[in-house]
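The values are calculated or read from the model by the stated rules, or taken from the named source; none is laboratory data. Everything numeric here is computed off the predicted structure, so don't read it as measured data. Methodologically, a virtual Cβ is constructed for each residue, glycine included, from the backbone with ideal geometry; neighbour enumeration extends over all protein chains shown.
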Amino acid sequence: MLITCPYCGPRDVIEFTYQGDGNRERPQPASQDLDAWNAYVYDRLNPAGDHNEIWQHSGGCRAHLRVVRNTLTHEISSVAFTRGHHKVAARHKAEGKI
Amino acid sequence: MVERQSPLEPAPLEPELRTGSHGDFEHGIEVILSETRPGSILQLAAWRGQEKELIAGIRNVTGLTPPDGAGAGSTDGVRSVFGFAPRKFTVVDEAEGLASAFAGVVTPAVGTVTDLSHGRTAIRIAGPKAEWVLAKFFAIDFALPAFPVGAGRSTMHHDVFAQIQRTGADQFDIYVFRSFARSFWKALCHASEEVGYEVQ
């Protein structure tokens, strides 16, 4: 599996570290909303198809990346730096990609 | 500054660390390995939006201008600079004291200066088969059009993080963690055996 890092270009997956589901929304640190925290820690979409994920290019430029990976085919349809990834995720959701 | 000791000093049972020809060199030497021992190896990082300031500072101090683009860099044989991550650069000088030269230029408002001179070992691999040997180690494109002279790459070999700068058409400088340098050097030697290599 190759991930095309926006900085380094296409690299083998061995250079990357999976940082978890990219759909999670962390509640505000002071939040007392236990359901929101429970959802943040445990609830996952686990889709059979495109999945919004966070990866780190730990064996390269060390940037954190937002990756859309198809869990059935491993096809990677989008890679971007994580900054602003919630906006991109929202757009993908609106476009029906995830 | 504290005197540095090379991690690649020869030892009786490790012939690949001795200067001279090794491997299958009867048919010619196609790879040359050496330790460049630069006096200064720095990592410079710019805060978001401060990249132009940082590049101007690098130009003022070293006289080198890293070209635009990811992983781009340049070298004049004495000093070298290349980007290895977004807004981050490795700057190398044969002389010591580069960190203090940057101290007044890269201010806390612009970014950070990290002196890695004692933490990295610089290994130079040169010769017609240098590209071929490195291609055994790293899954990146070493061809000249994809990896031009001056450019840098961050990658790794078996979890040994390596920054590679092309400093000539058939010459690369590899910066590895000092503690891994000896083992990495020996791996380079073993990979070069079949084409004949010289340690300088």
Counting just the residues of the range B:23-34 that are of a type outside the set (Val, Ile, Thr) and buried (at least 18 other Cβ atoms within 10 Å of the Cβ), which one comes out modelled with the lowest pLDDT?
-> B:23
Counting only residues that are surrounded by 15 or more Cβ atoms within 10 Å (Cβ to Cβ) and of a type in the set (A, V, I, L, M), which one in the range A:37-64 is farthest from residue B:151 (Cα to Cα)?
-> A:54
Search the range B:149-173 for residues being within 10 Å of the chain's Cα centre (by Cα) and away from chain A (no Cβ under 13 Å), and hand back the single one that is surrounded by the most Cβ atoms within 10 Å (Cβ to Cβ).
-> B:165
Pairs under 6 Å by beta carbon, first residue among the hydroxyl-bearing types (Ser, Thr, Tyr) and surrounded by fewer than 21 Cβ atoms within 10 Å (Cβ to Cβ) in the range B:174-189, partner outside any helix (DSSP H, G or I) and modelled with pLDDT of 95 or more, six or more apart or different chains?
-> none
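Pick out the one residue from B:121, B:114, B:107 that is surrounded by fewer than 20 Cβ atoms within 10 Å (Cβ to Cβ), of a type outside the set (Gly, Ala, Ser) and more than 14 Å from chain A (Cβ to nearest Cβ). First the steps, then the outcome.
Values: B:121 fails: surrounded by fewer than 20 Cβ atoms within 10 Å (Cβ to Cβ); B:114 fails: more than 14 Å from chain A (Cβ to nearest Cβ).
The unique qualifying residue is B:107.
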Does residue B:198 satisfy the criteria of being surrounded by 19 or more Cβ atoms within 10 Å (Cβ to Cβ) and among the acidic types (Asp, Glu)?
-> yes
Being closer than 19 Å to residue B:39 by Cα and touching a helix residue (DSSP H, G or I) at 6+ places or on another chain (Cβ under 6 Å) narrows B:113, B:160, B:105, B:133 down to just B:113
Among (1) at positive phi; (2) of a type outside the set (Ser, Thr, Tyr); (3) surrounded by 13 or more Cβ atoms within 10 Å (Cβ to Cβ), residue B:20 falls short only on (3)
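Sort out for me the strands (runs of 3 or more DSSP E) sitting completely within the range B:52-144 that have 1 or more residues that are charged (D, E, K, R) and within 17 Å of the chain's Cα centre (by Cα). Spell out how you get there, then give the answer.
Values: elements: B:73-75, B:79-85, B:88-93, B:111-115, B:120-126.
By residue number, B:79-85, B:88-93, B:111-115, B:120-126.
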What is the residue count in the range B:63-104 for residues that are aliphatic (A, V, I, L, M), out of contact with any Phe, Trp or Tyr (no Cβ under 7 Å at 6 or more places or on another chain) and within 17 Å of residue B:48 (Cα to Cα)?
-> 0
Checking residue B:52 against (1) basic (Lys, Arg); (2) touching a helix residue (DSSP H, G or I) at 6+ places or on another chain (Cβ under 9 Å); (3) surrounded by fewer than 14 Cβ atoms within 10 Å (Cβ to Cβ), which single condition isn't satisfied?
-> (2)
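Inside the range B:83-102, can you point out the residues that are of a type in the set (A, V, I, L, M), over 20 Å from residue B:36 (Cα atoms) and away from every other protein chain (no Cβ under 14 Å)?
Step one: filter the range B:83-102 for residues of a type in the set (A, V, I, L, M), giving B:85, B:91-92, B:95, B:98-99, B:101.
Still in the running and over 20 Å from residue B:36 (Cα atoms): B:85, B:101.
B:101, the sole residue that qualifies.
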When only residues in the range A:1-15 that are out of contact with any Cys (no Cβ under 7 Å at 6 or more places or on another chain) and outside any strand (DSSP E or B) count, which is nearest to the other protein chains (Cβ to nearest Cβ)?
-> A:15
Within the group A:37, A:55, which residue is under 14 Å from the mean Cα position of the chain (by Cα) and more than 11 Å from chain B (Cβ to nearest Cβ)?
-> A:55
